[in-house]
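Quick notes on the structure that follows.
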Amino acid sequence: KIGDEYFSFLTECKDPKACTILLRGPGKDTLNEIDRNLQDAMCVARNVLFNPYLCPGGGATEMALSVQLAQRAKSDIPGVEQWPYAGVAEALEVIPRTLIQNGGGNAMRTLTDLRAKHASGLTTWGVDGEKGVPVDMNDYGVWEPLAVKLQTIKTAIDSASLLLRVDDIVSGTSKKQ
């Protein structure tokens with residue numbers, strides 16, 4: 001008996017195919033929040049199981065992409081065509097900048113330091129979200145599933161493209177005078 005409910009527990013089964021997680025909490029809202037957190041954790045575990053690749057967290061992946069795109073825009077792409085690369089590179093820096101600001105760090109100084117580290121090949125350096133300072137995510141132990149990171153970037157680019165299309169449609173309509 002747990003609380004006012006009676007339960008049957010089957011333990012030490014040979015070759016079990018399913019399990020049950022029993023959640024308890026002081027109220028319905030707390031239980032709902034615990035349930036959502038557990039669901040998120042199980043989805044992360046599933047993603048890592050099906051696609052077992054991780055990338056460094058703390059904005060390190062975004063910073064690495066940003067530095068690569070900015071370098072490519074400056075060196076490989078001439079004229080106006082480099083602007084989208086530079087724009088995406090700048091947009092990717094929002095994640096590390098937000099982590100720095102939330103941690104109380106100096107955003108300009110820390111971003112410059114991170115850019116320099118990534119330009120020199122130290123691509124696992126990200127931001128400590130509590131202190132707002134650069135740290136090596138290998139040493140810090142913060143990793144994110146690659147599947148989640150890829151989906152996030154794809155969704156962001158799709159959203160930006162959609163906004164540009166809508167802007168083209170709206171600016172292309174003629175106003176009656």
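The values are calculated or read from the model by the stated rules, or taken from the named source; none is laboratory data. Worth saying up front: this structure is predicted, and the values here are computed from it rather than measured. As a convention, Cβ positions derive from the backbone with ideal geometry for all residues, glycine included, and neighbour counts pool all protein chains shown. Please note that ligands, DNA and RNA were not included when accessible areas were found on the heavy atoms of the full protein model with its side chains. Shrake-Rupley method; radii C 1.70, N 1.55, O 1.52, S 1.80 Å.
Here the sum of -39500 (n - 2.57) over DSSP H runs of 4 or more residues, divided by the residues of the chain, equals -18500 deg cm²/dmol at 222 nm, to the nearest 500.
For the chain, which span is the longest to avoid every loop-located (per DSSP) member of chymotrypsin sites (Phe, Trp or Tyr not before Pro) having at most 16 other Cβ atoms inside 10 Å? The answer is 54-177.
The portion of the accessible surface of region 56-174 made up by carbon and sulfur, rounded to a whole percent, is 60 (1.4 Å probe; DNA, RNA and ligands excluded).
In a DSSP loop and with at most 11 other Cβ atoms within 10 Å, the GluC sites (Glu not before Pro) in region 12-66 are Glu12.
Under 5 Å from the amide H of Trp143 lie the amide H atoms of Gly57, each residue being 5 or more positions distant or on a separate chain, with H modelled from the backbone and absent for Pro and chain starts. Gap in Å between the Cα centre of region 77-127 and the Cα centre of region 16-61? Each part reduced to its Cα centre gives a spacing of 30 Å.
Ordered by solvent-accessible area of protein heavy atoms (1.4 Å probe), largest first, the residues Ser159, Ser66, Ser120 come out as Ser120, Ser159, Ser66.
Suppose we flag trypsin sites (Lys or Arg not before Pro) only when DSSP calls them loop and at most 16 other Cβ atoms lie within 10 Å. Which is the longest uninterrupted stretch of the chain? Longest site-free region, per DSSP loop and neighbour criteria: 25-130.
Taking each of Lys117/Lys154; Lys28/Lys131; Lys14/Lys149 in turn, the alpha-carbon distance tops 31 angstrom for Lys28/Lys131; Lys14/Lys149. Among residues other than Ala107 with Cβ under 13 Å from its Cβ, the summed charge is +1 (Lys and Arg +1, Asp and Glu -1). Once the Cα atoms of helix 28-50 and of the chain are each reduced to a long axis, what angle between those two axes, in degrees from 0 to 90 to the nearest 10, is obtained? On a 0 to 90 degree scale, this one is about 70.
Under a model in which nothing but the beta-carbon of Lys, Arg (+1) and Asp, Glu (-1) is charged, region 68-177 shows a dipole of about 360 debye around its Cα centre. Net charge in the neighbourhood of Gly59 (other residues with Cβ under 9 Å of its Cβ; Lys, Arg +1, Asp, Glu -1) is -1. Counting charges near Val142 (Lys, Arg +1; Asp, Glu -1) among other residues having Cβ under 15 Å from its Cβ returns a value of -4. Entry comment: accessible area of the chain is 75 Å² per residue, from protein heavy atoms only and a probe of 1.4 Å.
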